[in-house]
Amino acid sequence: MAFEMRVLILVAAMVVWLSSAAYAEQGTATFYTPPYVPSSCNGYQNDGVLIAAASAPIFNNKAACGRSYRVTCTGATNQGVPQPCKGTSVVVKIVDLCPSPGCQATLDLSQEAFATIANPDAGKITIEYNQV
């Protein structure tokens, strides 16, 4: 009986892990160009180039500062570049707020992060993202 219980617990844990790993939010991404400092989260600290500014709902009054998100391009938002995606994903760290009302996306990626997953000529893309 103990063996069956351990197997059942293991299977349940795997189901929970797989369902959380497969879940991703849908949104859009744009990009911004250097200089990347100062940022809302870290002032003049250099956070590298794989960074992003989050829209207000994600930023949540700086609660998202330092969080990492895996971002994957899923498609175009316009006809300019009908297939912008490169088939890769990128992990970015939230370092800034994409301020309303000017923010045009869920995540405003650094130019380098955007170019990792999509053709920058697209300007704006649809994405899937999840916290890692």
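The values are calculated or read from the model by the stated rules, or taken from the named source; none is laboratory data. Keep in mind that this is a model prediction, so the values were computed, not measured. FYI the Cβ positions are ideal-geometry reconstructions off the backbone, even for glycines, and counts take in every protein chain you see. Please note that ligands, DNA and RNA were not included when accessible areas were found on the heavy atoms of the full protein model with its side chains. Shrake-Rupley method; radii C 1.70, N 1.55, O 1.52, S 1.80 Å.
Data overview
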| item | result |
| --- | --- |
| Test: residue in the stretch 2-16 that is at pLDDT below 95 and surrounded by 12 or more Cβ atoms within 10 Å (Cβ to Cβ) | no |
| Count of residues meeting criterion [over 13 Å from A29 (Cβ atoms) and open to solvent by less than 20 Å² (accessible area, probe 1.4 Å)] in the stretch 46-67 | 2 |
| Extreme residue, nearest to G123 (Cα to Cα), among residues of the stretch 68-84 that are open to solvent by 60 Å² or more (accessible area, probe 1.4 Å) and touching an Asp or Glu at 6+ places or on another chain (Cβ under 8 Å) | G80 |
| Residues satisfying the stated conditions in the stretch 115-132, i.e. under 13 Å from the mean Cα position of the chain (by Cα) and either under 14 Å from G27 (Cα atoms) or surrounded by fewer than 18 Cβ atoms within 10 Å (Cβ to Cβ) (or both) | I125, T126, I127, E128, Y129, N130, Q131, V132 |
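This table checks each residue for (1) of a type in the set (G, A, S); (2) part of a loop (DSSP other than H, G, I, E, B); (3) modelled with pLDDT under 95.
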| residue | (1), (2), (3) |
| --- | --- |
| K62 | no, yes, no |
| C65 | no, yes, no |
| N78 | no, yes, yes |
| S100 | yes, yes, yes |
